Amino acid sequence: MDLTQKIISLCKRRGFIFPSSEIYGGIGGVYDFGPLGVELKRNIKKVWWEVMMREENMIGLDSGILLNPRVWQASGHLTAGFADELVECKSCHKRFKADEVASNKCPECGVKLTKPRKFNLMMKTFVGPVEDESSTTYLRAETCQGIFVNFLNILNSMRLKVPFGVIQIGKTFRNEITTKNFIFRTREFEQMEMELFCHPKEADKLFDYWKEQRLKWYQNFGIKKENLRMKEVPKEERAHYAKRQIDIEYHFPFGWEEIEGIHNRGDFDLSNHAKHSGEDLKYFDEEKGEKFFPYIVETSVGVERPLFAFLAEAYQEVKGGRTKTTKAAKEVEVLLKLHKSLAPIKVAVLPLVRNKPELVKKAKEIYNLLRPHFTCQYDELGSIGRRYRRQDEIATIFCLTCDFQTLEDDTLTIRNRDTMAQERVKIKDLVNVLKEKLAN
Ligand code: ATP
């Protein structure tokens, strides 16, 4: 099994990610995040939002998924700008993205493919009770347009001076021709975008600053430096709005691929929205008496790609078992070494055995004590070794074991996921000790 297959299997088995609508045979390119996946996803969004918000002049926004369709005319999404080249097999009629097939023969049945034609990726829908041309709109294909069309509202309500940034996290939809590699390319995903409005002369400098910041973010949360690289995208391959574009690429289990895009969008967005809406979207610098369309520097990433990368980076198999017991010798143990800020469950509470009611009672008391402070699991099923392994597999940072000594002196052991070292702590100190250990 390759690493992608191992991750897919772990995600399904342990409640991270399920195929959407599975009992009906699924739906192409959509995944559901299970009980552990939703926590992991929330943690990724949280650390992204918090790091972004530490910057000067940074504010947040949550705009609608549906926008006036004229937005998408102005943005260029309804024209060739947001279309992929599609080829179709003349025999089996399967469709492929033109840049993903090596020759003009069908990868499935070897028959000739049609010439490439443009295929628009916007998802159409209707607003209101009448389904006609005038009620047609689209699910957003990027979150940033909601930021651009709120430029005046933000400027007027927040009284900001350039440079300032607006961040947003939200669902995005693209009718991708092909979806593959698990959650790498899906039709519904969640984007985390930052749009920085600045003076045109400052854009290059800010672009360089942000590409470094974003690279650091991945490394701070557990991605190895050697698995990241920057690709300066040549003019002919850039997105239709980009004056400059760098793709941050990650060495996914299936090869180097884009994880995030950094773009200098110039004044493409504000000037086009000004033209189409008739509103004055220029910025006025009172001190200099200068009026101009701010340039926009953008960082754009889907939550799912970093989520995949964090899982791939964290996944380890320990042959013969981590504890090297004779029983474990034949087994392969999985250890998911997610960063402590990302791990879905921080603490597991385990009674040493489950047939001693006093121990079970004590363990449940501790579980109740910790629940308001940390994401916790209580587990009493199976041997203690097996329970540790189950927690290691889902990246739980600490396992707390209640044993017979706990009943005597109100102490218990804290086992560290990565070192397997155990220390005894007093129950009354537990919350503070754990908080300290989990702090960054
Ligand atoms: P690709 O070339 O892989 O299709 P793109 O260049 O179209 O990506 P952008 O429009 O720059 O991507 O989108 C910014 C980010 O949004 C990407 O770097 C990626 O993290 C995420 N993203 C884009 N499309 C998808 C998708 N179909 N599924 C999951 N994430 C996506």
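The values are calculated or read from the model by the stated rules, or taken from the named source; none is laboratory data. It should be emphasised that the depicted structure is a prediction, and the values quoted were computed from it without experimental measurement. Reconstructed Cβ throughout: ideal geometry from the backbone, glycine too, with neighbour counts over all protein chains shown. Each accessible area value is taken on the protein alone, full model and side chains, heavy atoms only, with ligands, DNA and RNA left out. Shrake-Rupley method; radii C 1.70, N 1.55, O 1.52, S 1.80 Å.
Obtain the radius of gyration and the Kirkwood radius of region 345-439 from its C-alpha atoms and give Rg over Rh.
Using only Cα positions, Rg/Rh for region 345-439 is 0.92.
Which Cα, out of Thr4, Thr419, Met123, lies furthest along the positive dipole direction of the chain (beta carbon charges, K/R +1, D/E -1)?
Positive-end residue among those listed: Thr419.
Just in region 1-106: which GluC sites (Glu not before Pro) are loop by DSSP and have at most 12 other Cβ atoms within 10 Å?
Loop-located and lightly packed - Glu56.
Working from Cα positions, state the angle (0 to 90°, nearest 10) between the long axis of helix 3-13 and the longest principal axis of the chain.
With rounding to tens, the tilt is 70 degrees.
Which angle from 0 to 90°, rounded to the nearest 10, does the C-alpha axis of helix 384-393 make with the longest principal axis of the chain?
Rounded to the nearest ten degrees, it is 10.
Could you please state, rounded to a whole Å, how far the C-alpha centre of region 21-38 is from the C-alpha centre of region 138-162?
Rounded to whole Å, the Cα centres lie 32 Å apart.
Run the numbers on region 1-106 and let me know its relative contact order in percent, using alpha-carbon pairs under 8 Å that are six or more apart.
The normalised contact order for region 1-106 reaches 12 percent.
Tell me, what is the percent relative contact order of region 345-439, built from C-alpha pairs under 8 Å that lie six or more residues apart?
29
Just round it to a whole percent: the fraction of Cα-Cα distances in region 112-234 exceeding 17 Å.
On the way: 5581 of 7503 pairs.
The answer is 74 percent, as a whole percent.
Starting at 0 and stepping by 20 Å, how many percent of the alpha carbon pairs of the chain end up in each bin?
Pairs per bin, as whole percents: 21, 48, 26, 5.
Among Thr323, Leu228, Leu206, pick out the residue whose Cα is farthest towards the positive end of the charge dipole of the chain, where Lys and Arg carry +1 and Asp and Glu carry -1 on C-beta, about the Cα centre.
With unit charges placed on the Cβ atoms, the residue in question is Thr323.
In degrees from 0 to 90, rounded to the nearest 10, what is the angle of the helix 268-277 Cα long axis to the longest principal axis of the chain?
Here the helix axis deviates by roughly 60 degrees.
Quick one: putting +1 on the C-beta of Lys and Arg, -1 on the C-beta of Asp and Glu, what dipole do you get for the chain around its Cα centre, in Debye to the nearest 20?
Magnitude of the dipole: close to 1480 debye.
Percent relative contact order of the chain, based on C-alpha pairs within less than 8 angstrom and at least six residues apart?
Working: 804 pairs, mean separation 54.2, N = 440.
Once normalised by length, the contact order is 12 percent.
Given only helices, namely DSSP H runs of n ≥ 4 each adding -39500 (n - 2.57), what is the per-residue ellipticity at 222 nm of the chain, to the nearest 500 deg cm²/dmol? Can you show the working numbers first?
Details: 12 runs with 127 residues, N = 440.
My calculation for the chain gives -8500 deg cm²/dmol from helical runs alone.
Distance between the C-alpha centers of region 61-134 and region 363-440? Whole Å please.
50
Shape call for region 198-264 from the C-alpha gyration tensor, a ≥ b ≥ c root eigenvalues: rounded (a/c under 1.5), prolate (a/b greater than b/c) or oblate?
Since a/c reaches 1.5 but b/c is at least a/b, the shape of region 198-264 is classed as oblate.
Skip the ligands, DNA and RNA, and give the accessible area per residue of the chain with a 1.4 Å probe, whole Å².
Details: 21590 Å² over 440 residues.
That works out to 49 Å² per residue.
Suppose we keep just the DSSP beta bridges with both residues in region 345-439; what percent of those would be antiparallel, to 5?
55
Tell me the carbon and sulfur percent of the accessible area for the chain, rounded to whole percent, probe radius 1.4 Å. Spell out each step's value before the answer.
On the way: 10690 of 21590 Å².
On the chain, the fraction of accessible area on carbon and sulfur atoms equals 50 percent.
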